[in-house]
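For reference, the structure is listed below as structure tokens.
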Amino acid sequence: MLADPAVQVAPSYTTIQVCRLCGERELQPVIAFGDLPLSNSFLSAPDEPEDRFPLEVVFCPFCALVQLSETIAPERLFRNYNYFSSVSAGMLTHAQELAADSIRRFNLNRGSHVVELASNDGYLLQYFAQAGIPTLGVDPAQNVAQVAATKGVPTLTEFFGRETARLVPKADLVLALNVLGHVADLNGFVDGIRQVLKPNGTAIVEIPYIRPMIEGLAPDTMYFEHLFYFSLTALVGLFKRNGLQVVKAERLPVHCGSIRIYITHPNAFPPDDRYGLAMIQKAEDALGVAQLPYYQFFAIRVKEALRVIRSTLVEKRKAGKRIVGFGAAAKGVQLLNYLHAGVELVDYVVDETPAKIGKFLPGTHQRVAAPSEIGPVDVAFLLAWNWQNEFRDRFPGMAGKWLIPFPQLRTE
């Protein structure tokens with residue numbers, strides 16, 4: 001008997017039984033969001049079948065790592081990726097400043113070698129290449145790697161880990177921005193960094209930091225591509241477990257609040273508390289970041305915030321307001337799905353990413369429109385609220401119409 005083609009069988013996913021970092025079994029639940037679509041799997045038509053998966057966040061009391069309990073196959077998530085880092089002017093500025101600082105700090109020159117893991121479309125490595133420094137990107141998405149090539153950034157189109165590390169030349173500087181949270185095999189990824197890093201080399205890792213996510217209330221950063229939510233406590237333990245040491249740490253405002261850590265081989269350089277390593281760790285200890293109640297209170301606040309946002313959208317819709325979303329990034333897709341806010345509440349979503357324009361959002365099925373297609377707007381629901389200054393500058397006509405969901409719902 002043939003299977004009904006209208007019935008979609010979800011691809012397999014795995015639910016972890018032990019912590020992905022330390023292997024302990026006593027994982028404690030934090031919050032469950034129900035069955036959700038993949039936030040970057042945009043649809044060609046609003047009635048196109050799509051898969052949903054359970055999204056649950058858990059906490060490991062032994063190593064303090066916060067993580068999702070489900071793992072989607074990385075090939076499903078990242079082989080053809082719809083996020084191009086260069087679309088964001090803010091991200092380009094951040095990348096250019098990091099490149100300039102790294103070249104100066106580590107005396108990089110034509111005899112050096114820089115490797116970036118999850119290099120995307122060359123948004124960061126292009127600035128090293130422009131300075132004549134040899135580079136190599138590693139990224140599994142062939143579509144973004146092709147764009148990187150046009151910027152003079154060669155890319156190895158593979159997932160990075162222990163095995164791939166053997167294909168990568170030794171590096172003076174290894175960069176990994178906003179990727180560590182995506183990798184199911186955490187220990188394999190970090191061991192790969194250890195293999196690639198020269199004896200006196202440095203790795204710079206940037207990760208969305210868990211404290212601003214929890215304290216500033218950013219639940220829309222929790223989606224299937226983000227398996228982990230890191231404290232400095234968990235990060236130090238992760239790198240120590242894999243034969244590396246964190247020597248510096250500093251907090252950054254990017255992505256609603258991130259942390260940048262500098263990693264070396266043991267004893268290559270002494271830890272330098274002037275860069276905040278001890279200070280950040282001390283603050284985490286005082287706040288109880290390594291304890292479950294810190295996250296349980298977050299879950300209570302999230303549920304109430306989502307209730308208020310949805311009620312506000314419903315009220316404005318009942319009043320006849322035309323509501324348009326701005327920013328079809330994963331966090332925006334996630335928020336609309338958390339709110340169960342389909343086209344009955346939000347008419348369409350504006351985004352500048354060419355690969356998304358004309359497609360439909362997973363789960364809620366709004367069409368993605370180009371900025372040139374914007375019609376009358378009563379409420380500009382800012383889904384990409386972490387880039388709110390950039391959106392205000394880009395769309396000055398929306399002044400007074402912005403509805404910003406987090407950290408506290410407000411109109412500007």
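Name the residues whose placed amide hydrogens come within less than 5 Å of the amide hydrogen of Phe230, ignoring near sequence neighbours (fewer than 5 apart) on the same chain. Answer set, sorted by chain and number: Ile210.
Sorting the segments 228-239, 284-295 by their residues' average number of neighbouring beta-carbon atoms within 10 angstrom, most packed first, yields 228-239, 284-295. Panel values: the chain, Kirkwood radius from alpha carbon pairs, Stokes-Einstein at 25 °C and 0.890 mPa s, translational diffusion coefficient 110 µm²/s. Taking the charge dipole of the chain about its Cα centre, with +1 at Lys and Arg Cβ atoms and -1 at Asp and Glu Cβ atoms, the residue from Phe269, Pro29, His113 reaching farthest to the positive side is Phe269. Placing +1 on each Lys and Arg Cβ and -1 on each Asp and Glu Cβ, with no other charges, gives segment 89-157 a dipole about its Cα centre of roughly 220 debye. Here's how it looks for Lys359: its modeled amide H is under 5 Å from those of Val368, which are all 5 or more places away or on a different chain.
Counting protein heavy atoms only, the chain has 54 percent of its accessible area on carbon and sulfur, 1.4 angstrom probe. Here is the short version for the chain: Cys256 have no other Cys C-beta closer than 4.7 Å.
Reducing segment 353-370 and segment 126-162 to their Cα centroids gives an inter-centroid distance of 27 Å. With helices as the sole contributors, the chain gives -8500 deg cm²/dmol at 222 nm; each DSSP H run of n ≥ 4 counts as -39500 (n - 2.57), and the sum is divided by every residue.
Summary of packing: across the peptides 250-257, 356-363, the per-residue average of other C-beta atoms within 10 Å ranks them, highest first, as 356-363, 250-257.
Listed by chain and number, the lysines placed with their C-alpha closer than 26 angstrom to that of Lys248 are Lys170, Lys198, Lys240, Lys282; residues fewer than eight positions away on the same chain are left out. Multiplying the residue separation of Glu304 and Gln142 by 0.36 nm and subtracting their alpha-carbon distance yields 54.3 nm. Spin-label pair Gln130-Asn109: with each label point 7 Å from Cα along the Cα-Cβ axis, the two points sit 2.2 nm from one another.
Summed over the residues of the chain and divided among them, the accessible surface reaches 42 Å² per residue at a probe radius of 1.4 Å. Overall, the chain carries a charge dipole of about 720 debye about its Cα centre when +1 sits on the Cβ of Lys and Arg and -1 on the Cβ of Asp and Glu, all other atoms neutral. Taking label positions 7 Å along the Cα-Cβ direction at both Thr157 and Glu352, the computed distance is 2.7 nm, reported to one decimal. For the peptides 333-339, 262-268, residues were scored by their other Cβ atoms within 10 Å and the scores averaged per peptide; the highest-first order is 333-339, 262-268. The charge dipole of segment 241-393, taken about its Cα centre with unit charges on the Cβ atoms of Lys, Arg (+1), Asp and Glu (-1) only, comes to about 360 debye.
Annotation: lysines with alpha-carbon distance below 19 angstrom to Lys359 (same-chain offsets under eight excluded): Lys331.
What net charge is computed for the residues neighbouring Cys63, neighbours being all others with C-beta under 10 Å from the C-beta of Cys63, Lys and Arg scored +1, Asp and Glu -1?
Charge balance in the 10 Å sphere: +1.
The values are calculated or read from the model by the stated rules, or taken from the named source; none is laboratory data. Only a predicted model underlies this, so the values are computations on that prediction, with no experimental measurement involved. Glycine also receives a Cβ, built like all others from the backbone with ideal geometry; neighbour counts cover every protein chain displayed. These area figures cover heavy atoms from the full protein model, side chains too; ligands, DNA and RNA do not enter into them. Shrake-Rupley method; radii C 1.70, N 1.55, O 1.52, S 1.80 Å.
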